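Some notes on the structure that comes next.
Nothing in this text is a laboratory measurement; each read-out follows from the coordinates by a stated rule. Just so we're clear, the structure is a prediction, and the values are computed from it rather than from any experiment. Note: ideal-geometry Cβ built from the backbone for every residue, glycine included; neighbour counts use all protein chains shown.
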Amino acid sequence: MAIRKVAVIGLGLIGSSIARAVAERLPEVAVTGHDASDDVRGVARALGLCDTIVDDPAAAVADADLVILAVPVGRMADAAAAIAPGLKAGAIISDVGSSKAGVADALAKALPDHIVIPAHPVAGTENSGPAAGFATLFDRRWCIVTPGAGASGEAVTAVTSFWQALGAKVDVMDAAHHDMVLAVTSHLPHLIAYTIVGTASELEEVTESEVIKYSAGGFRDFTRIAASDPVMWRDVFLANKDAVLATLQRFNEDLTALQQAIRRGDGAKLEDWFTRTRAIRRSIIEQGQDDAAPDFGRKH
Ligand code: NAP
């Protein structure tokens, strides 16, 4: 399945990064972009993103071999319905949503006669909007493709090859398993960061200015994640409710165990736990999923 034309719907961080990466890595592929926001389309035009930016979503997907929906998870159904009248027969529709089972259902319902191959590039930053994207965002990051039962092998290969061409490594898995894995590796960490940053700013004994002043003690590392897009993350938690609640239950049990170890003065338990977590950080570095530079490479 040759991909000669790609349409990107939603030109924020992820959509604009896809447009930039295609321009750089697949210059022979034409890219059309659309965003629901007039302002975003204006910024995208000013930045020179895509070969064409189109106001109408159905017109944006005309002749596209691959359409990628890069809108918040809660807007996928609307975006799919809006492009439906313009899709050519045989076009592949994919997305980049951070949760997969709910999005797959929404896309299958909105586009019953089309080929839908959902995907999730596990790459991002805390920034959003068209100016925040960059062409190397997907380099050496994983992209998880979650085809439904009976999906065409040819279409899965086309989506896989597309992401590999943008620099990503690709895994294929079941949508429900994706949602459980990402609940642990992404959604729970975001929930914890949102909690801790909110809690710290509302303490009575410690002022907010002290929290900010002494944030290098660890707090500031949570603030990067807690600065992530509120709309995107609202939708992720609503969409991946079951997996997040199951993981949160386990987290609460482990937190209680550590609380008990502190109360009982059980230093051995704490040290064992922290030794295991340090090894996990080292594995992440060894596997090229983060930089080994101390303190995240901050300049001192
Ligand atoms: P973003 O920067 O906020 O961009 C989303 C864009 O989509 C916005 O410009 C938004 O416009 C537009 N939009 C909303 N509804 C639309 C519709 N129906 N039709 C066309 N455009 C629409 O968000 P993002 O970070 O790129 O996230 C996009 C998707 O990628 C989400 O599903 C997210 O879960 C997934 N993802 C994000 C990350 C990350 O780290 N950010 C990583 C991997 C995957 P308005 O602002 O006017 O609504």
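A few comments on the model shown:
- Fewest neighbouring Cβ atoms within 10 Å first, the residues 228, 17 line up as 228, 17.
- Cut-off 16 Å (backbone N to label point 7 Å along Cα→Cβ of residue 108), residues of the stretch 69-91: 77
- Sorted by Cβ neighbour density within 10 Å, fewest at the top, the residues 280, 83, 212: 280, 212, 83
- FRET efficiency, 1/(1 + (r/R0)^6) with R0 22 Å, evaluated for residue 177 and residue 152 via beta carbons: 0.60
- GNM top mover of 111, 47, 11 - the chain, alpha-carbon springs below 10 Å: 47
- Restricting the trypsin sites (Lys or Arg not before Pro) of the stretch 1-110 to loop positions (DSSP other than H, G, I, E, B) with no more than 14 neighbouring Cβ atoms within 10 Å leaves 4, 88.
- Potential lengthening of the chain between residue 169 and residue 234 amounts to 20.7 nm, from the contour at 0.36 nm per residue minus the alpha-carbon distance.
- For residue 282 and residue 81, the FRET efficiency from 1/(1 + (r/R0)^6), where r spans their Cβ atoms and R0 equals 45 Å, is about 0.45.
- Multiplying the residue separation of residue 254 and residue 51 by 0.36 nm and subtracting their alpha-carbon distance yields 68.0 nm.
- Length gained on full extension, residue 203 to residue 127, computed as 0.36 nm times the residue gap minus the Cα-Cα distance: 24.7 nm.
- Segments 191-201, 57-67 sorted - mean Cβ within 10 Å per residue, highest first: 57-67, 191-201
- Of all aspartates and glutamates in the structure, the ones whose alpha carbon falls short of 13 Å from that of residue 88, not counting any fewer than 8 places away in one chain, are 63, 65, 113.
- The alpha-carbon of residue 299 sits under 20 angstrom from the alpha-carbons of these lysines, leaving out residues fewer than 8 places away in its chain: 213.
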